[in-house]
Amino acid sequence: QVQFLESGGGLVQTGASLRLSCAASGRTASPYGVGWFRQAPGKEREFVAVLTRTESTYYADSVKGRFTISRDNAKNTVNLQMDDLKPEDTAVYSCARRVGGWRITSPSNYDSWGQGTQVTVSS
């Protein structure tokens with residue numbers, strides 16, 4: 001079983017950048033994909049980005065060109081670089097392991113969810 005711990009959230013102004021980190025622990029020997037999701041108050045969990053086990057990347061249209069997902073094997077982390085942040089990016093960001101299914105945007109195809117880290121973007 002793998003466990004994830006997110007970090008790097010905070011309060012920033014519009015246009016600022018943040019770098020979120022998803023640190024893995026436990027049974028991490030097998031390659032697997034990791035996705036980032038976010039959930040704003042009163043809204044459903046929303047797909048943000050995924051880095052598959054074959055190192056392909058996919059992004060939600062709302063963050064494409066502004067966010068970058070990457071893996072740091074030395075640190076056993078999957079990072080989400082967020083640039084040009086907007087107030088609508090405000091949410092709790094969580095990472096999870098992709099476990100299968102053809103819909104990469106569906107939370108049901110992920111497990112081992114972390115607790116999340118709050119990102120707040122002020123206007």
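The values are calculated or read from the model by the stated rules, or taken from the named source; none is laboratory data. Please read these numbers as outputs of a predicted model, since none were measured by experiment. Cβ coordinates were reconstructed from backbone atoms using ideal geometry, including for glycine residues, and neighbour counts include every protein chain displayed. SASA here: full protein model, heavy atoms, side chains in, ligands and nucleic acids out. Shrake-Rupley method; radii C 1.70, N 1.55, O 1.52, S 1.80 Å.
Ignoring ligands, DNA and RNA, what percent of the 1.4 Å accessible area of the chain is carbon and sulfur?
47
Among all the aspartates and glutamates, which ones have a C-alpha under 20 Å from Lys75's C-alpha, if same-chain residues fewer than 8 places away are not counted?
Result set, ordered by chain and number: Glu6, Glu55.
Straight-line reach from Lys86: which lysines have a Cα under 24 Å away, not including same-chain ones fewer than 8 places off?
Partners within reach: Lys43, Lys64.
Do any chymotrypsin sites (Phe, Trp or Tyr not before Pro) in the range 23-102 lie in a loop, going by DSSP, with at most 12 other beta-carbon atoms within 10 Å of their beta carbon, and if so which?
Trp102
At 1.4 Å probe size, with every protein chain present, just tell me what the per residue accessible area of the chain comes to in Å².
I get 54 Å² per residue for this part.
Once you charge only the Cβ atoms, +1 for Lys and Arg and -1 for Asp and Glu, what is the size of the charge dipole of the chain about its Cα centre, to the nearest 20 debye?
300
Test of the criteria: in the range 21-112, which GluC sites (Glu not before Pro) are in a DSSP loop and have at most 13 other Cβ atoms within 10 angstrom of their Cβ?
Glu44, Glu55
Return a whole-number percent for the relative contact order of the chain, with Cα pairs under 8 Å and 6 or more residues apart as the contact set.
Rounded, it is 35 percent for the chain.
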